[in-house]
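See structure below.
The values are calculated or read from the model by the stated rules, or taken from the named source; none is laboratory data. Because the structure is a prediction, the values reported are computed rather than measured. As a convention, Cβ positions derive from the backbone with ideal geometry for all residues, glycine included, and neighbour counts pool all protein chains shown.
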Amino acid sequence: MRREELLTSPVKDVVLKEGVKVSEFIDSLECVGGFTAKKLWVAAKILERMLKSDDTVVFLSFPAAIMATGIRGIIVDIVKRGFVDVIITTCGTLDHDIARTLSAYYEGDFMADDSVLRELDIHRLGSVFVPVESYGKTIESFMRTLLREIYEKGKKTLSTKELSWEIGKRLNSNSSLLTQCFLRKIPVYVPGISDGAVGSQIWLFRQTHRDFTIDIFKDEEELADIIFDAKETGALMIGGGISKHHTIWWNQFREGLDYAVYITTAPEWDGSLSGARIREAVSWGKVKQYAKYVTVEGDATIILPILHAYLIDKVGKRRVKNVLGGAL
C-alpha cells in the first residue's frame, strides 16, 4: 500500500451545537480518531444498513444481567420498533422480566457491604439491589401457577420459545420484554434454560410430573429453518457467553453473518468467548469474510442507548420479519 493511500481522511474536531441530535453527534465521530468513538460510528452505520435491508433477518443476543437495569426499557423498545426478528438470551432474562414486572428492583451500590446485605435479605446484582422477596418468591409463585396450568391443559412438552411466550402472555405488561415478543411473535430462545430461577422451577415441577419436558431441540429445528431460509442475517450482540455463541454458531451453517455488531467489556486475552473479537469469528466462518462488522469495547448500558437513539432518528420503525410463518 502506498503512503498517499493511507493519508486520505484528516482527523476532524468534534464541534457540538446547542440542540444537537444524537444521530448528528454520532455522525460527527466519523473522522475523530482515537479509540471507541470511531467504532461507535461504525456500529451505528452497520446497524442502520442492516435494519434498512429488506433481506436481513436480525438477531439480538444478550446475557441476563442487563435486564436487571433500566436498559431493559431500551431492549423492550428495540422489540416494539421492530428492530429485531430473533432473540437469543439466557435463563436470567426470563427471571428478571418476571421479577421486575411483578415487583421492584432498586438502585444500589457496587461498594455496598455484601455481608450486611445478606443479613438484610437483599441480593446485589452489580449496582442493583434485589430484595429477596422480589426475586425468589415472586418467580417461584408465578412459575408454579404457569406450569400447573399448562400441564393441566395437556401440554407436557414445551420449547424454550413456547415457554417464553407463555410467560409473556401471562405477564401481559407493556414493560415486559416477553409480553412484547409474544404479541409480535418474535421467538426468544434460551439454550441454557436450566441455569436460572425459571429453570429451577421447571426442575422442581418435573420431580412430581416426570412426563413434563423442555424440548431444546425444537428450538434448534426452528433456528435451523430461520438460518437456512434467510437471504441475509445480521446480529447485535451485547456481551458474550452462550447467547453470543449460539447466535454465531448457528450462522456458521449459512457461511456466517452478513452484519455483526458486538459490544463487550471483556479483554481479548482472558480466553473467553466474551473477550473474543468479531474478527476471530471470521476465521470460523461464523461471520462472513467480507461482512460488515465491528467490536465496540465499552459499557453496554451507555453504548446501547446511544446507538438506539441514533436508530430511532435514522430508521424509526421497521416491520418485523415473520421468521416462523403463520399469522402475526
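State whether one or more residues within the stretch 257-266 are within 20 Å of S164 (Cα to Cα) and either touching a Lys or Arg at 6+ places or on another chain (Cβ under 8 Å) or buried (at least 17 other Cβ atoms within 10 Å of the Cβ) (or both).
Scanning the stretch 257-266, I find no residue that is within 20 Å of S164 (Cα to Cα) and either touching a Lys or Arg at 6+ places or on another chain (Cβ under 8 Å) or buried (at least 17 other Cβ atoms within 10 Å of the Cβ) (or both), so the answer is no.
State all residues of the stretch 119-132 that are surrounded by fewer than 16 Cβ atoms within 10 Å (Cβ to Cβ) and either at pLDDT below 95 or not charged (D, E, K, R) (or both); if no residue qualifies, say none. Passing the criteria: L120, G126, S127, V132.
Filter the stretch 81-111 down to residues that are surrounded by 14 or more Cβ atoms within 10 Å (Cβ to Cβ) and within 16 Å of V130 (Cβ to Cβ), then give me how many there are. Count: 15. Of all positions in the stretch 17-37, none carries a residue that is modelled with pLDDT of 95 or more, surrounded by 13 or more Cβ atoms within 10 Å (Cβ to Cβ), out of contact with any Gly (no Cβ under 8 Å at 6 or more places or on another chain) and acidic (D, E).
Close contacts from the stretch 178-202, counting a first residue that is aromatic (F, W, Y) and a second that is not in a helix (DSSP H, G or I), with Cβ to Cβ under 8 Å and a gap of 6+ residues or different chains, come to Y189/V86; Y189/I87; Y189/I88; Y189/T89. Where helices (runs of 4 or more DSSP H) sit wholly within the stretch 91-200, those with at least 1 residues that are touching a helix residue (DSSP H, G or I) at 6+ places or on another chain (Cβ under 8 Å) and over 21 Å from T69 (Cβ atoms) occupy 138-152, 160-171, 177-184.
Mind listing just one residue for me: the one in the stretch 227-256 that is hydrophobic (A, V, I, L, M, F, W, C) and crowded, with 21+ Cβ neighbours inside 10 Å and, of those, farthest from G298 (Cα to Cα)?
In the first step, residues of the stretch 227-256 are kept if they are hydrophobic (A, V, I, L, M, F, W, C); the result is 227-228, 230, 235-238, 242, 248-250, 253.
Subsequent filtering for residues that are crowded, with 21+ Cβ neighbours inside 10 Å retains 230, 235-238, 248, 250.
Values: A230: 30, A235: 18, L236: 14, M237: 13, I238: 10, I248: 21, W250: 26 Å.
Restricting to residues being hydrophobic (A, V, I, L, M, F, W, C) and crowded, with 21+ Cβ neighbours inside 10 Å, the top hit is A230.
Residues satisfying the criterion are present in the stretch 158-172 (criterion: surrounded by fewer than 19 Cβ atoms within 10 Å (Cβ to Cβ) and among the polar types (S, T, N, Q)). Could you tell me whether the stretch 240-250 includes any residue that is of a type outside the set (A, V, I, L, M, F, W, C) and over 20 Å from V287 (Cα atoms)? No, there is no match, as no residue in the stretch 240-250 is of a type outside the set (A, V, I, L, M, F, W, C) and over 20 Å from V287 (Cα atoms).
Among the residues of the stretch 195-243 satisfying the criterion of being under 28 Å from M50 (Cβ atoms) and of a type in the set (S, T, Y), which is farthest from the chain's Cα centre (by Cα)? Restricting to residues being under 28 Å from M50 (Cβ atoms) and of a type in the set (S, T, Y), the top hit is T233. Exactly one residue out of I46, I78, I74 is surrounded by 14 or more Cβ atoms within 10 Å (Cβ to Cβ), touching a helix residue (DSSP H, G or I) at 6+ places or on another chain (Cβ under 6 Å) and modelled with pLDDT of 95 or more, and it is I74. Residues considered: D229, D219. Of these, the only one that is of a type in the set (D, E) and under 30 Å from W203 (Cα atoms) is D219.
For the stretch 205-222, name all the residues that are touching a residue at least 40 places away in the same chain (Cβ under 8 Å) and of a type outside the set (V, I, T). Step through it out loud before you land on a result.
Residues of the stretch 205-222 that are touching a residue at least 40 places away in the same chain (Cβ under 8 Å), as a first pass: 205, 209, 211-216, 218-219, 222.
Those that are touching a residue at least 40 places away in the same chain (Cβ under 8 Å) and of a type outside the set (V, I, T): F205, H209, D211, F212, D215, K218, D219, E222.
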